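Colleague: Here it is, the structure, as structure tokens.
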Amino acid sequence: MRVKDRVAIVTGAAQGLGEGIALRLAEEGAKIAAVDVQEEGVNAIAERLRGMGREAAAFSTNVADKVQVQALYEAVAAKWGRIDILVNNAGITRDAMMKNMTEDQWDAVLTVNLKAPFLLIQAASRYFAEQKYGKVVNIASRAFLGNVGQANYSASKGGLVSLTRTSALELARYGVNVNCIAPGPMNTPMVKTIPQDVFDRMLKSIPLGRIGEPLDIANAVLFLVSDEAAFITGQTIFVCGGRSIGAALV
Ligand SMILES: NC(=O)c1ccc[n+]([C@@H]2O[C@H](COP(=O)([O-])OP(=O)(O)OC[C@H]3O[C@@H](n4cnc5c(N)ncnc54)[C@H](O)[C@@H]3O)[C@@H](O)[C@H]2O)c1
């Protein structure tokens with residue numbers, strides 16, 4: 001098992017990529033703190049992990065709220081005594097062309113997608129520094145390269161890439177690895193909100209000819225938090241079927 005007995009906080013774990021990441025890390029022996037605003041969903045995931053014979057607990061936490069984040073860390077540390085892995089996966093979209101984008105749409109996305117990972121990494125650093133061990137994986141998006149109708153989302157994910165790099169520099173002294181994954185379109189509830197014609201065009205722009213599955217991301221996360229990736233930090237890895245290459249197909 002590649003992460004046996006490691007304590008992992010996975011945000012946005014009630015569905016989609018977060019659910020896949022929690023399952024994959026649990027399969028490889030991690031104890032999972034499954035975190036989400038959707039209380040029922042996150043309870044169900046924790047129950048499922050316990051059914052697999054793993055240790056898991058559900059936390060109904062808004063990751064953008066500093067007080068709730070602090071309470072989350074205290075509860076996880078009280079339960080398992082340490083925090084080894086943090087996966088910042090919770091994220092939202094509020095799409096609109098920039099000329100129509102409201103301040104609320106901008107603020108909501110920047111708060112959940114960028115401020116929350118900052119709060120979670122900051123809270124984790126205390127434990128990582130004491131343990132001289134820690135792994136962080138931030139789930140950004142290929143959209144950080146730019147995406148029509150997603151000024152807020154793209155900027156939040158670009159910020160997350162930068163936060164990854166600076167966190168990697170600051171936490172390296174404690175032996176902590178901080179990396180980022182930039183997924184392309186994935187088969188999750190989030191992608192089901194995209195209009196069909198936009199989705200069809202998007203599919204054509206993916207060299208490998210399909211959208212990704214949660215397991216594609218979960219396997220990349222598992223690698224980055226495993227000992228095999230011990231010398232990798234501050235990096236952003238595209239898991240997007242080649243869409244980030246940007247070249248036209250012939
Ligand atoms: N689906 C895609 O195509 C795609 C592509 C690139 C990047 N991503 C990124 O991957 C991550 C997961 O995406 P997904 O497709 O699984 O999304 P999703 O909408 O299916 O799941 C996101 C989860 O985050 C939770 N969440 C939202 N706000 C929260 C908050 N404030 N506190 C706690 N939990 C909160 C939601 O309740 C939900 O369970 C996101 O960061 C997203 O931006 C997704």
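Colleague: Just name one of Y73, A56, T166: the one whose Cα is farthest towards the positive end of the charge dipole of the range 7-242 (beta-carbon charges, Lys/Arg +1, Asp/Glu -1).
Modeller: Value: T166.
Colleague: Remind me, what semi-axes does the chain give for its equivalent ellipsoid, largest first in whole Å, using sqrt of 5 times each Cα gyration tensor eigenvalue?
Modeller: Largest first, the chain gives 28, 19, 19 Å.
Colleague: Grab the Cα-Cα distance for I245 and A96, subtract it from 0.36 nm times how many residues apart they are, and report the gain in nm with one decimal.
Modeller: 51.1 nm
Colleague: In bins 5 Å wide, starting from 0, what share of all Cα pairs of the range 1-133 does each bin hold, as a percent?
Modeller: P(r) for the range 1-133, in whole percents per bin: 2, 11, 21, 22, 19, 12, 6, 4, 2, 1, 0.
Colleague: Give me the one-decimal nm value for the distance between modelled label points at R50 and K4, 7 Å along each residue's Cα-to-Cβ direction.
Modeller: Those two pseudo-labels are separated by 2.4 nm.
Colleague: For G134, list long-range residues whose amide hydrogen, built 1.01 Å from N in the peptide plane, is under 5 Å from its own amide hydrogen.
Modeller: Here the answer is N177, since their amide H atoms fall under 5 Å of that of G134.
Colleague: Give me the net charge for the shell around I9: Cβ to Cβ below 12 angstrom, other residues only, Lys and Arg +1, Asp and Glu -1.
Modeller: +3
Colleague: What number, rounded to the nearest 500 deg cm²/dmol, is the helix-based mean residue ellipticity at 222 nm of the chain, given -39500 (n - 2.57) per DSSP H run of at least four residues and division by all its residues? All intermediate terms of the calculation are to be shown ahead of the outcome.
Modeller: On the way: 8 runs with 106 residues, N = 250.
Dividing the helical sum by the residues of the chain leaves -13500 deg cm²/dmol.
Colleague: Could you give the nm distance between label points at R82 and T166, where each point is 7 Å from its Cα heading toward the beta carbon?
Modeller: 2.9
Colleague: Counting only C-alpha contacts under 8 Å and six or more residues apart, can you give the relative contact order of the chain as a whole percent?
Modeller: 19
Colleague: Follow-up. Could you give the dipole magnitude of the range 57-197 about its Cα centre, charging the beta-carbon of Lys and Arg +1 and that of Asp and Glu -1, in debye to the nearest 20?
Modeller: 400
Colleague: Once the Cβ-Cβ distance between A230 and R126 is put in as r, and R0 is 22 Å, what FRET efficiency do you end up with, to the nearest 0.05?
Modeller: Rounded to the nearest 0.05, the efficiency is 0.50.
Colleague: Starting from the 7 Å offset along Cα-to-Cβ, what nm value, one decimal, do you get for the label separation of E40 and D104?
Modeller: Taking the simple label geometry, E40 and D104 are separated by 2.5 nm.
Colleague: Next question. Please give the Cα centre distance for the range 91-152 versus the range 20-58, rounded to the nearest Å.
Modeller: So the separation of the two Cα centres works out to 22 Å.
Colleague: Right, here's the next one. Where does the charge balance sit around A108 when Lys and Arg score +1, Asp and Glu -1, over other residues with C-beta under 14 Å from its C-beta?
Modeller: Once all neighbours under 14 Å are counted, the net charge is -3.
Colleague: Apply 1/(1 + (r/R0)^6) to the Cβ-Cβ distance of A75 and L208, taking R0 = 41 Å, and write down the FRET efficiency to the nearest 0.05.
Modeller: E between A75 and L208, to the nearest 0.05, is 0.50.
Colleague: Take the residue pairs K4/K192; K135/K204; K99/K135; K66/K132 and return only those whose Cα atoms are more than 27 Å apart.
Modeller: The answer is K4/K192; K135/K204; K99/K135.
Laboratory data are not the source of any read-out in this text; all were calculated from the coordinates shown. Because the structure is predicted, anything quoted here is derived from the model rather than measured. We place every Cβ from the backbone using ideal geometry, glycine too, and count neighbours over all the protein chains shown.
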